[in-house]
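A short reminder: the numbers here are calculations on the coordinates, not readings from a lab. Here the structure is a predicted model, which means the values were calculated and not measured. Glycine gets a Cβ as well: all are built from the backbone with ideal geometry, and neighbour counts include every protein chain shown.
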Amino acid sequence: MEQKKYAVKKSAIHGNGVFAARPIKKGEFILEYLGEKISKEESNKRGLEQEEAAQKNGGGAVYIFELDDEFDIDGNFEYNDARFINHACQTNCEAENIGGKIVFTATRDIAEGEEILYNYGYALEHFMRHPCKCGKPGCVGYIVAVEDRIKLKKILARMRKKKFASHK
C-alpha cells in the first residue's frame, strides 16, 4: 500500500496547511480539489456569503475554485483537504483542470515535511482584500497573479510616495 502523500496540520502561513508526508517528485499528482460543481451564478452567491463569514470569524475565506467558463467547484466541505493548500509567492505545485477535475501536481521535488503551496492568482483589482502572509523571499505582500506582480509593485510604490508626500 502506498504511503499517503500529504497531511493537513497547522501552518505558519495561515491556519491549516497541506504538508508532504513523504518526498514528492516533480510532476507527481498530489491531490484533487473536491467539492460540489456549481454554476457561476451560484458561485458568486456562495462566494460572497463565504467571504462575509470569513470577515466575521477570521477563518479561511472562499473555497470556490474556478473550473471553466460555466462552472466552479465549491470545496467548502470537510472531505476536501485541498482547500487547506495555502498561497505563496514561491510555489511548489500548480492546479490544473484535467478532464473537468482540478488536480494539484508538483512543479518541483517537494521534501517530506515541506508545506505544499500554490499561487491563488487573484485579480489585481482587489489586491487590498488579499494580503499575502507567505514570508517567502520576493513576496509582494498581496496575493495576485504572477503576471500582475510588476504592476502591483508600481502601484504600491506610488501609494508609498503619495503617503510620504502627505506626511511632509
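For a label point 7 angstrom out from the Cα of residue 7 toward its Cβ, which stretches of region 115-130 have the backbone nitrogen within less than 16 Å? Hits in region 115-130 for residue 7 at 16 Å: 115-116. Cβ under 15 Å from residue 147's Cβ, residue 147 left aside: what net charge do those residues give with Lys, Arg +1 and Asp, Glu -1? Here the count lands on +1.
Couplings for region 40-45, taken from phi via the Karplus curve 6.51 cos²θ - 1.76 cosθ + 1.60 with θ = phi - 60°, read 4, 4, 5, 4, 4, 4 Hz in order; Gly and Pro are left as x.
Taking θ as phi - 60° and the Karplus parameters 6.51, -1.76 and 1.60, the scalar couplings of region 143-160 work out to 8, 9, 4, 3, 5, 9, 5, 5, 4, 4, 4, 5, 4, 5, 5, 5, 5, 5 Hz in sequence order, x denoting glycine and proline. Label sites at residue 42 and residue 70, each approximated as a point 7 angstrom past Cα along Cα to Cβ, lie 1.4 nm apart. Once the chain from residue 22 to residue 133 is taken as fully extended at 0.36 nm per residue, the excess over their C-alpha distance is 37.5 nm. Compared with the alpha-carbon gap, the fully stretched path from residue 151 to residue 111 is longer by 11.1 nm at 0.36 nm per residue. For residue 116, the residues whose modelled amide H falls within less than 5 Å of its own, excluding neighbours fewer than 5 places apart on the same chain, are 18, 19, 20. Classify region 6-123 as rounded, prolate or oblate from the Cα gyration tensor: take a ≥ b ≥ c as the square roots of its eigenvalues, call it rounded if a/c is under 1.5, otherwise prolate when a/b beats b/c and oblate if not. Since a/c reaches 1.5 but b/c is at least a/b, the shape of region 6-123 is classed as oblate. Model label points for residue 96 and residue 160, set 7 angstrom from Cα along the Cα-to-Cβ axis, are 3.7 nm apart.
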